[in-house]
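Input: a single structure, listed below in structure tokens.
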Amino acid sequence: MEEYNKNKQVGWNEAEEQNVHQETAWHPDDFQVNYDAHTGQPIHNTLQVIPRKEKKKGGFRRFIKKPAVIAVASSVVTCALCLSVFSMAVMPSMNQSSAYESLVASQQQAVQMNNSGTQGTTETLASKNDLLVQATGAELTIAEINEKAGPTVVSIINKASVSSNNYLQQQTVEVSSGSGVIITEDGYIVTNNHVIEGASELQVTTIGGQTFTATVVGADEQTDLAVIKVDSDEALPYAEFGDSSELQVGDLAVAIGNPLRQELAGTVTAGIISAINRTLVIDGKQMTMLQTDAAINPGNSGGALLNNRGQLIGINTAKSQGYDIEGLGFAIPINEAKPIIESIMENGYVTGRPVIGLLGQTVTAEMARVNGIPEGVYVSYVYSLSAAERAGIQVGDVIVQCEGQDVETIDDINKIRDEHNPGDQITMTVDRSGQRIDLTLTLQEDSPELQQQQAEEEEKRQQEAQSGQQQEQQPSIFDWFPWFQW
């Protein structure tokens, strides 16, 4: 500027000014000075920096970048993922539970519509529990099995009347205890016959502490099963039946019962199915059993054996005892027990079971050689008015054939008999004093009345034997044989 003022003073003209501008080099920090074309006065223009006009961005992008919007979007996505996992993992079981509840509701409605007399007895247990099996299927832990089935197992106290010390008064005392399983909500309970046998009073206690006096609906000595009933003001929890035919060796087996005494009620033990279709003879009766290594002790009889779905697959019955025996427990398969239970509930006894009506003893080869008689079944007693008596079978006869098949044991005859129905005729060949005779026998139906009649007759026979009044039918050569009723 000083140079400019100096030049102006000496008469700086426009032509010279142009030459100066042409010779002067611009520097990065110089400002351009313009002059007024008329007055020649400098015009001081400041350098204006005009900002670059930015393009206006879309509103949606600015919106989604807001922290609140991001938080909400994240929450929605998280919830959607959680719902997807929930639907895949939990919904199938909820649908299964809904199906189960629907089936149970339909069953209860059917029972109410068809109920006449005793509630629930008109609909078979098999059809009820087949539906229940279809509605379930998930494997459970042992704790879940106990939670599901534990409340259905009860304690049974067998009380009997005995004479006091002065023989003039009767008092009721506890004789034995066992277990049972509630099988209907109106109080039907299945147990073992030997648990309730000879009782004058039965006391039932639930795991929740409820106590009832039970009545005997019916019992079957042959299968060692019995059904009793309690009356409750409210519906009772009951067991879900499984299918014992589906079992395999190695499957989980859970036993629930009341071992030894009432204080140990609800004891849970677990093991595996050790064998299936195990044939045993217990108290002179041949039975087909499930074998398990789940601990079964006295008092567990009549309790529940359960599968991995908490379903009833067996009625605990026996344990092999001995100081060096462990892990040998047995249960009646539920498929074998179902028809027995249903028949008892509907009729009070097992219908359609044939009976011959005599007592017999197996004649071994050694016995036959010593006594000069053939091997077979020696007839030691014939009940009055029985099928055997009407067919002409006598004490002292040796049954050697039944339906044309050789028989050596009582079990051989029982198997042939059980293939027939009451009213059927079978042919027996007997040896009578060395002579073979064919006899036609019409099978009778076993019933409580017939059993009572035979029990009274047997009791009378034993009393007479004890008093020295031996009946003519009592053989002398086989007094030392154990006898079996069949």
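For this structure, a couple of remarks:
- Global geometry of region 404-470, whether rounded, prolate or oblate, following the gyration tensor of its Cα atoms and the 1.5 cut on a/c: oblate
- Counting every other Cβ atom within 10 Å of each residue's Cβ, 251, 293, 233 order from fewest to most as 233, 251, 293.
- At full extension, residue 235 and residue 201 could sit 9.9 nm farther apart than now, given 0.36 nm per residue minus the alpha carbon distance.
- Cβ-based exposure ranking for 355, 190, 370, in which fewest neighbours within 10 Å come first: 370, 355, 190
- The tail of the calculated P(r) for region 138-347 beyond 24 Å holds 37 percent of all Cα-Cα pairs.
- Debye log10 I(q)/I(0) for region 354-485, one point scatterer per Cα, at q = 0.12 Å⁻¹: -0.44
- Simple spin-label estimate for residue 420 and residue 371 gives 2.4 nm between the two label positions (7 Å along the Cα-to-Cβ direction from each Cα).
- Dipole of region 354-485, positive direction: furthest Cα of 421, 372, 450, with charges on the beta-carbon: 372
- Out-of-range pairs (alpha-carbon distance over 26 Å; input 285/460; 148/338; 285/338; 148/229; 148/285): 148/285
- Counted by neighbouring Cβ atoms within 10 Å, the residues 83, 202, 252 run from fewest to most as 83, 252, 202.
- Treating each Cα of region 342-410 as an identical point scatterer and summing with the Debye formula, the log10 of I(q)/I(0) at q = 0.12, 0.16, 0.17 Å⁻¹ comes to -0.42, -0.64, -0.69.
Read-outs throughout are calculated quantities, based only on the coordinates presented, and are distinct from any laboratory measurement. Owing to the predicted nature of the structure, the values given are computational and were not obtained by experimental measurement. Positions of Cβ are generated from backbone atoms using ideal geometry, with glycine treated the same way; all protein chains shown enter the neighbour counts.
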